[in-house]
Amino acid sequence: MSNVNTIEETRRMRLDLLLKEHGSFAELNEKLSWPRTDSRLSRIKNQNARTDRDGKVFQMGSPMAREIETSLGLETGWMDTPLTWAESLGQEDPRAKVMLLMEAMPPDQWATAVRLLDALTQPASSNGTTG
């Protein structure tokens, strides 16, 4: 998972989540009260080139992002918020679970948690103990 994404990349990743949740562009369009065949979201997701702007790709602007959030009852700014580990990797991915545990821990326990994880990653010595 990349640490830093542009707002356009973040919005496309959020759009992917919405598509997974709603199943298709047609279903998502319907939830947004747009025509089922509206191609705006598809063009944004697929980064289609615009013929009217020297090949620049379709992007989701702030007005559209806010409209989507409002229509779907999402928190303002949701489309602009980086994905969580669980959203990016899946709820059952062990890395996402570790990050959720770390985020729930008080900061003064982080160093201990990191030492424990580090110890688990050390190769076993020849006598069966860790080094």
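Here, each number is a calculation from the coordinates, and none is a lab measurement. Worth saying up front: this structure is predicted, and the values here are computed from it rather than measured. Note that each Cβ is placed from the backbone with ideal geometry, even for glycine, and that neighbours are counted across all protein chains shown.
Brief remarks follow.
- Helix 110-121 and the longest principal axis of the C-alpha atoms of the chain enclose an angle of approximately 80°.
- Rel. contact order, % - alpha carbon contacts under 8 angstrom, at least six apart, the chain: 18 percent
- Only aspartates and glutamates eight or more places from Lys97 in sequence, or on another chain, were considered; those with a Cα closer than 18 Å are Glu87, Asp118.
- Set of lysines with alpha-carbon distance to Lys31 below 21 Å, sequence-local pairs under 8 removed: Lys20, Lys45
- Under conditions of 25 °C and 0.890 mPa s, the chain yields 138 µm² s⁻¹ as its translational diffusion coefficient, taking Rh as the Kirkwood radius over Cα pairs in the Stokes-Einstein equation.
- 11 Å beta-carbon shell around Thr6, net charge (K/R +1, D/E -1): -1
- GluC sites (Glu not before Pro) lying in DSSP loop within the stretch 49-82, provided at most 14 other Cβ fall within 10 Å: Glu75
- The per residue volume of the convex hull around the alpha-carbon atoms of the stretch 7-83 is 88 Å³.
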